[in-house]
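Written below as structure tokens is the structure these notes are about.
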Amino acid sequence: MKSAQLSAIAWTLLRVVVGIVFVIHGWSKVTMIGEIAATFGNQYQLPIPAVLAWLVATIEFLGGLALTVGVYSRWAALLLGCVMLGAIKVHWGKFFYYAEGMEYDLVLLTVCLVIGLNGGGPYSVDELVLNKPPAKKPA
């Protein structure tokens, strides 16, 4: 296999795996939305916790789906990156602190930043749509 092919496969693998991670985390938030809202309000002292809980759950779930298939990859990565910035703010000062550390959020933010800057890659719906050759006009 050529280096370009391996790079395309690696890029796709990264995007799909991170997308699946966000889908799983988003779905778990959707199914436990009451508990998530309570945590946002009581533990993290966030304003409008119910609204933020739904917003975060929706962005993680739908953004994860978008990354997984590679559709609107840049926008999905941007929104997911904003969620990760919020998660880092919540966990600020707790680096490598078991389940409450911010390092996991920092890794996901970095991947979202890279996808946001580079797009979904060669094996994505974005690439199929954006780089589709123009249709030939009938003679």
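The values are calculated or read from the model by the stated rules, or taken from the named source; none is laboratory data. Please read all numbers here as calculations on a predicted model, not as lab measurements. With ideal geometry, Cβ positions are generated from the backbone for all residues, glycine too; neighbour counts draw on all protein chains shown.
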Those residues that are hydrophobic (A, V, I, L, M, F, W, C) and in contact with a Leu (Cβ under 9 Å, 6 or more places away or on another chain), I need them from segment 4-35; list them, please. Val16, Val18, Ile20, Val21, Phe22, Val23
Exactly one condition in (1) surrounded by 15 or more Cβ atoms within 10 Å (Cβ to Cβ); (2) modelled with pLDDT under 90 is not met by Tyr97; state its number. (1)
Just one of (1) hydrophobic (A, V, I, L, M, F, W, C); (2) free of Cβ contacts under 8 Å to residues at least 24 places away in the same chain; (3) surrounded by 15 or more Cβ atoms within 10 Å (Cβ to Cβ) trips up Val107, so point out which. (3)
Mind checking which residues of segment 12-36 are assigned to a helix (DSSP H, G or I) and more than 26 Å from Thr110 (Cα to Cα)? Thr31, Ile33, Gly34, Glu35
